[in-house]
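Right, one structure below, let's go through it.
The values are calculated or read from the model by the stated rules, or taken from the named source; none is laboratory data. Given the structure is predicted, the values throughout are model-derived calculations rather than measurements. Glycine gets a Cβ as well: all are built from the backbone with ideal geometry, and neighbour counts include every protein chain shown. Accessible surface areas use protein heavy atoms only, side chains included; no ligands, DNA or RNA. Shrake-Rupley method; radii C 1.70, N 1.55, O 1.52, S 1.80 Å.
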Amino acid sequence: MVEMTRPVAGRSGATRDLSAPVVEIRGICKAFPGVVANDDVSLAVFGGEVHCLLGENGAGKSTLMNILSGMYQPDAGSIMVDGQEVRIGSPRDALDLGIGTVYQHTTLIPVFTVLENLLLGQGRGLSMDQKGALAGLKKVAADLGVDVDPHVQAGRLALGQQQQVEIIKALWGGSRVLILDEPTSMLTPQGIVELERVLLQLKERGLAIIFITHKLHEALDVGDRVTVLRQGRVVGTLEPDTVHATPRPELQERIVGMMFGEEAAALAGVAEVRGQVTGRRARREISPEAVLELRGVSVEPQRGEVGIHDVSLIVRRGEILGVAGVDGNGQRELAEAIAGQRAIHRGDILLGGTSIRHASISARQRQGLRYVTDDRLGEGTVSSLSVAVNLVLKRIGDGPFWRRGLVREDAINECALGLVEGFDIKTPSVQTRCGTLSGGNIQKLLLARELSFEPKIVVYNKPTHGLDVKTTHVVRDRIRELAEKEYVSALLISTDLEELLDLCDRIAVLFRGRLTGVVENRVGAEWEVGRLMVGGESR
Amino acid sequence: MSNLLTSTFLAALISGGILAGMPLLLAGLGEMVSERAGVLNIGLEGMMLMGGYAGFVVALYSHSHWLGLFGGLLAGLVASTVMVIFCVRLGLDQIVVGIALLVTAEGITSVLQRAQFGTTYPRLDSMAALKIPVLSGIPALGESLFNQPLVVYVGLALVAVAHWVLRSTSMGLHLRAAGEKPQALDAAGVSVTATRSVALLVTGSLGGLGGAYMSIVGAGIFVPFMTHGAGFIGIVIAMLSRGRAVWVLIGAFLFGMSVSLSTALQLVGVNVPQDVVNMLPFVAVLVALVIFAREAYLPAALGSPYVRGSR
Amino acid sequence: MVEVEGEVIPRKRWGAWLGPVGQSIGPILLGLVAGGILLLLTGRNPLAFYGDILKRGLFSSSGVQDSITRMAPLLLMAAGLIVAFRANIWNIGGDGQFLLAAAIVSGFGPGLVAVLPAGLGLVVLCLLAALVGALWTIIPALLKAVYGMNEVITSLMMTFVGVNLANLLIKGPFRSQKTSVPQTDVIPHDKLLPYLPGTRIHVGILFALVAVGAVYYVMTRTSFGLRLSVLGANPRAAVHVGIDVRRLTVVAFMISGAFIGLAAGVEILGVWGYVRADWNPNFGLTLFALVFLARLNALATIPLVGFYAIISMGGHYAARRAGLPDDFMLMVVGLILLFMTLTEYVAARRERRATRLVAGPKAALRPGGAHE
Ligand SMILES: Nc1ncnc2c1ncn2[C@@H]1O[C@H](COP(=O)(O)OP(=O)(O)OP(=O)(O)O)[C@@H](O)[C@H]1O
Ligand SMILES: [Mg+2]
């Protein structure tokens, strides 16, 4: 027997009723045109436990959770809650059964205040208990260590904060079961720690928690039981005994093996699996040639953003410059200013030495500037158009896909098939509506589009958000390879410090719209970056 | 002398404004409610016609204006159930259904009117006014503002009610959520279908009431196509109001007054071609829009049917 | 607001545009049956009534020619609406664009055809009509492009202004001195658009068919069409991918207005030769519904518009013979539209059913199965 790496004490609640599962799913099937998203899925969720649901992009995790929360109706199978068969015909039924959900894609209403968002579904008819809700919000927020103004519009909050509000909302609904579908993708490390703490508390109270994440170390930090889905089927479940008794590296290896089958071998020991960077990349010689230069750029804030102020930076040829910072400190403004989606009101931007301040978005694209947006559904893709069209969306009218304004379908389809293959996008066909893809696969589509067609410099905004471990690894490799072999520069905006440490040559830090410093990525850089991220002065 | 002229002019303008503005107010309020809930009711004018016709018939045979108004309200309600079933329950295209409803209503009311009253043209007595003591004594304005049929005051009260419901009740919150992001409302356990249905029924009732006001209080008679674009003006007023009931009130009376402008001008002996006068309110709105570049904020999910789980 | 499924690249399905047409037959029958019941209730013989419609609208040589003639402006307007709706631009102001163009064409027409050589005069007038239609969209277009102002409001305002302005023109500067009713001078018959050889159908129908074909082609095969679809489906994505959204908005709006103006030109130059004050054929709204039922597919509007033309030409005659008001047909058309939406629902449901798997899902359908 292997020695225990973590104490079990304190992790299993005293009130836990080990005998019967709170929720039991039996033989659930769910098909969409061209895909079987869930194929005879059975699993049991117990009170006082965190049940991690893992699997690659498109494995069917969200679909299963949508069935539990009443959003989808299964084609076959049954659901038992507390030993009784139930029909969850609507989200209302789920909430009445005490099942609360944080959905993968936000369900906050951006023009509503935080309070109004929380009040949704709380009252009926003419009543509205603002005071009660306010008090409740205070309490839960304090538990979570969250500090939000209840009267600010939800759309004005940083994505991380929005995610916290979603969690608060779900905590209100979930008295028995709490479903968290990638709740941590936008949280800061600090926020993740707080969330983990709250999950432990809830566990003690006997709640059953289903936790979906692509970060293995997070799953193992809080998880008691692990189920892995692959291509819509359950590959296997690791019981709490196994999870708690197996040493971390071995456990990770086993899970990765379950998730990716024979492809897992390639992932042995990579940083993305461990969630921690160990070896720092070798320092490279980088040519001094500046590809992108920002000189004192300022952008007016819109609707409660911070804007950016007097930002100057240089990205050299083949360099990966990271931009660290807590989300909502001007990242999107910076990216959009460079991409041309937003006017700058002071300063200048130079691409290859010439000013692009007044160049249109498409002119910048023609000069080899690419932008991977962090809003894949809102602006990155057109959900009603096909995968193929979305892959060439930034090349409308250009050869070889169009010739004198006329479309050449064969060229588009051929290219799309190549990209789908190359980036392993899971889709029934290239003609499928893009909106039906799973979150991670839409992200892959976005990356496939931007990293092809000879980029010169790419602005990445949270490039691996929502990607599974394998794809994250592939994407990071690709970013690195592009930089090293093809001298494609990158401005890599990320809230994930590990990612920045893994990839970047230098890391700049944004705080309240200002660049507080640029750090060489050497050993110990994380401390310096961390200090700058919370507003410390550059040394 | 000139004093007299101005006060006659003002009185005519105001009472005319109320007469023409009331149907716009009622219909506009209704439309605002359904727009907030995410349903664009292009068929509003049809609901007004149904209400106008049914109200007139009921009032004529029952000899009661009030029953007539109620009948108009019911007719609008019935017309809107079509939209509830087609657009909300079945998720069909709101534009097509709205237009179909409008065209059908135009046809039905016109055919029925001609069959029944095509030769006789019966008329209703005018509705008794409720004179508010003291206030109605205010020179020049009092008589026109505070000597109106009771239903006018009811209409004004509805503005306050709509304001309160939309701002400070759960129902209002749910309505607005249904228009902004129905999936969020659904996820919170509130039925989008029910919420939108209620909104549409309100629209239909108010539209019907507005039509009935036109035929019973305004004209005393129903003639085919008598709404004359009022439903569309109602839609515009509702959009410009950005969900604020008070703005519907202001918009409706400004429109109403510019409609009554030509009569008022004629009273004081100024003759302007009817077409110019007809054009004025719209030109005014356009000019205002150009100058203030007023962005009409429309609910994000306006016009899109909600089907749970589709993406 | 509109979500149009992009057949932009995907399939080369010729049947794609047959779908809406095939689906329309059932609802038409239902609508006619409903109308028939109403006819029965009023003591008329529905068969005789519908017989009259067909006789006048389709089966008599003059009837079918009239129906085809009526299709010309309707198809041109449909083409214009499709361009705008594809880009999610709500050009509700069709009536204003149409009537103003009609007024100006008939105002200047008599003078122009008198001085210019025959063919040239007509071409100039058609271009003038298109220009007027396009110009009348400029205010809503710019307000939308620059300030993001909702075009439903502005184009409705413009339509009310346009209708009245057209009347003012007809009653004022363009008013004919030869008649007592306010109307414009009449363009002599032999100076109007020529007829197709051997018929009394003017050549405008050819313009219309070409326009519809061109719109279909542009929408499905060209980069311009795809840009419009992207703008219509997700305006933020349009900005992100580098489409010049402002320009495209204005261009689409103006093309839409130009087609509608051209429709008016063709109707005046092909059929009437003049306009009377307060004339308003009210083509707009029903056409809207038809265009949506055709799912913004230009070719699919041809049969729908044809049907509508037959109904409106024949209905007029049948109603008069049956002693019913003209508006009876409005009701029938409205009901048919309602039934048409319903069949669409049934079809969509059938499609959804087909993908529900109850037992033993096929392995080939697994996620990613397509390329494994
Ligand atoms: N509404 C839908 N219509 C059509 N296909 C769908 C729909 N929802 C999900 N799918 C398909 O079902 C499969 C599983 O999707 P799901 O969202 O459950 O994946 P996931 O495991 O949550 O992936 P990710 O980690 O990327 O979020 C995908 O192939 C997706 O394309
Ligand atoms: Mg998912």
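Here are some notes:
- Taking the criterion of being open to solvent by 50 Å² or more (accessible area, probe 1.4 Å) and of a type outside the set (A, V, I, L, M, F, W, C), the only residue of the stretch C:110-132 that qualifies is C:Pro117.
- Screening the stretch A:438-453 for residues that are within 9 Å of ligand 1 (Cβ to nearest atom) and polar (S, T, N, Q) and picking the one that is most open to solvent (accessible area, probe 1.4 Å) gives A:Ser438.
- Comparison of A:Gly70, A:Gly98, A:Gly83 shows that the only residue that is within 10 Å of another protein chain (Cβ to nearest Cβ), at positive phi and either more than 16 Å from ligand 1 (Cβ to nearest atom) or of a type outside the set (Val, Ile, Thr) (or both) is A:Gly70.
- Test: C:Gly270 is touching a residue at least 12 places away in the same chain (Cβ under 8 Å), closer than 29 Å to C:Ala166 by Cα and in contact with a Leu (Cβ under 7 Å, 6 or more places away or on another chain): yes
- Residue count for the stretch A:417-437 under the criterion of being away from ligand 1 (no atom under 16 Å from the Cβ) and hydrophobic (A, V, I, L, M, F, W, C): the result is 2.
- For the stretch A:36-58, a residue qualifies if it is β-branched (Val, Ile, Thr) and more than 15 Å from ligand 1 (Cβ to nearest atom), and the qualifying residues are A:Val45, A:Val50.
- Per-region count, the stretch C:322-345, residues closer than 28 Å to C:Trp90 by Cβ and not in a helix (DSSP H, G or I): 1
- Within the stretch A:159-172, tally of residues that are open to solvent by 20 Å² or more (accessible area, probe 1.4 Å) and of a type outside the set (S, T, N, Q): 4
- Search result, residues across the stretch B:258-277 that are more than 13 Å from chain C (Cβ to nearest Cβ) and buried (at least 19 other Cβ atoms within 10 Å of the Cβ): B:Ser260, B:Leu261, B:Ala264
- Taking the stretch B:53-82 as the range and being more than 19 Å from B:Arg114 (Cα to Cα) and small (Gly, Ala, Ser) as the test, the residues that pass are B:Ser62, B:Ser64, B:Gly68, B:Gly71, B:Gly76, B:Ala79, B:Ser80.
- Strands (runs of 3 or more DSSP E) (entirely within the stretch A:191-268) containing at least 2 residues that are in contact (Cβ under 8 Å) with a residue 60 or more places away in the chain and farther than 25 Å from A:Trp172 by Cα: A:225-230, A:233-238
- Note on the stretch C:141-159: residues that are at the interface with chain B (Cβ under 9 Å from one of its Cβ atoms) and open to solvent by less than 40 Å² (accessible area, probe 1.4 Å) total 10.
- Search result, residues across the stretch A:484-501 that are open to solvent by less than 10 Å² (accessible area, probe 1.4 Å) and among the polar types (S, T, N, Q): A:Ser489, A:Ser494
- The set of residues in the stretch C:67-91 that are within 20 Å of C:Tyr195 (Cα to Cα) and either in contact with a Lys or Arg (Cβ under 8 Å, 6 or more places away or on another chain) or open to solvent by less than 10 Å² (accessible area, probe 1.4 Å) (or both) comprises C:Ser67, C:Thr69, C:Ala72, C:Pro73, C:Leu74, C:Leu75, C:Leu76.
- Verdict on A:Asp82 being acidic (Asp, Glu), under 29 Å from the mean Cα position of the chain (by Cα), more than 16 Å from ligand 2 (Cβ to nearest atom) and farther than 26 Å from A:Gln252 by Cβ: no
- Complete set of residues in the stretch C:293-321 that are part of a helix (DSSP H, G or I) and open to solvent by 20 Å² or more (accessible area, probe 1.4 Å): C:Leu299, C:Ile302, C:Pro303, C:Phe307, C:Tyr308, C:Ile310, C:Ser312, C:Met313, C:His316, C:Tyr317, C:Arg320, C:Arg321
- Among the numbered conditions (1) at pLDDT 90 or above; (2) surrounded by fewer than 22 Cβ atoms within 10 Å (Cβ to Cβ); (3) under 26 Å from A:Arg376 (Cβ atoms), the only one that A:Leu68 does not meet is (2).
- Some residue of the stretch B:278-289 being open to solvent by less than 10 Å² (accessible area, probe 1.4 Å) and either within 26 Å of B:Met127 (Cα to Cα) or modelled with pLDDT of 85 or more (or both): no
- Any chance A:Ala59 is away from ligand 2 (no atom under 16 Å from the Cβ) and of a type outside the set (S, T, N, Q): no
- Qualifying residue in the stretch C:135-152 (condition: within 17 Å of C:Gly265 (Cβ to Cβ) and small (Gly, Ala, Ser)): no
- Taking the stretch A:487-507 as the range and being closer than 20 Å to A:Gly352 by Cβ and either free of Cβ contacts under 8 Å to residues at least 24 places away in the same chain or of a type in the set (A, V, I, L, M, F, W, C) (or both) as the test, the residues that pass are A:Val488, A:Ala490, A:Leu491, A:Leu492.
- Check on B:Phe146, touching a residue at least 60 places away in the same chain (Cβ under 8 Å) and closer than 28 Å to B:Ser64 by Cβ: no
The rows are residues; the columns are (1) within 11 Å of chain C (Cβ to nearest Cβ); (2) within 15 Å of ligand 2 (Cβ to nearest atom); (3) charged (D, E, K, R).
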{"residue": "A:Phe423", "(1), (2), (3)": "no, no, no"}
{"residue": "A:Thr427", "(1), (2), (3)": "yes, yes, no"}
{"residue": "A:Leu437", "(1), (2), (3)": "yes, yes, no"}
{"residue": "A:Ile442", "(1), (2), (3)": "no, yes, no"}
{"residue": "A:Arg449", "(1), (2), (3)": "yes, no, yes"}
{"residue": "A:Glu454", "(1), (2), (3)": "no, no, yes"}
{"residue": "A:Ile457", "(1), (2), (3)": "no, no, no"}
{"residue": "A:Lys462", "(1), (2), (3)": "no, no, yes"}
{"residue": "A:Leu467", "(1), (2), (3)": "no, yes, no"}
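- Among the candidates B:Ser7, B:Ser34, the residue that is of a type outside the set (Lys, Arg), surrounded by fewer than 21 Cβ atoms within 10 Å (Cβ to Cβ) and part of a helix (DSSP H, G or I) is uniquely B:Ser7.
- Residue check, A:Ser78 open to solvent by 30 Å² or more (accessible area, probe 1.4 Å) and either more than 14 Å from chain B (Cβ to nearest Cβ) or among the hydrophobic types (A, V, I, L, M, F, W, C) (or both): no
- Restricting the first member to the stretch B:98-121 and to residues that are facing chain C (nearest Cβ under 7 Å), and the second to residues that are surrounded by 17 or more Cβ atoms within 10 Å (Cβ to Cβ) and among the aromatic types (Phe, Trp, Tyr), the beta-carbon pairs closer than 6 Å and six or more apart or on different chains are B:Ile99/C:Phe288; B:Val111/C:Phe328.
- Selection count where residues are surrounded by fewer than 18 Cβ atoms within 10 Å (Cβ to Cβ), under 12 Å from A:Val299 (Cα atoms) and within 13 Å of chain C (Cβ to nearest Cβ), scope the stretch A:335-382: 1
- Any hit, the stretch A:383-394, residues being modelled with pLDDT of 90 or more, open to solvent by 10 Å² or more (accessible area, probe 1.4 Å), within 27 Å of A:Leu292 (Cα to Cα) and more than 16 Å from ligand 2 (Cβ to nearest atom): yes
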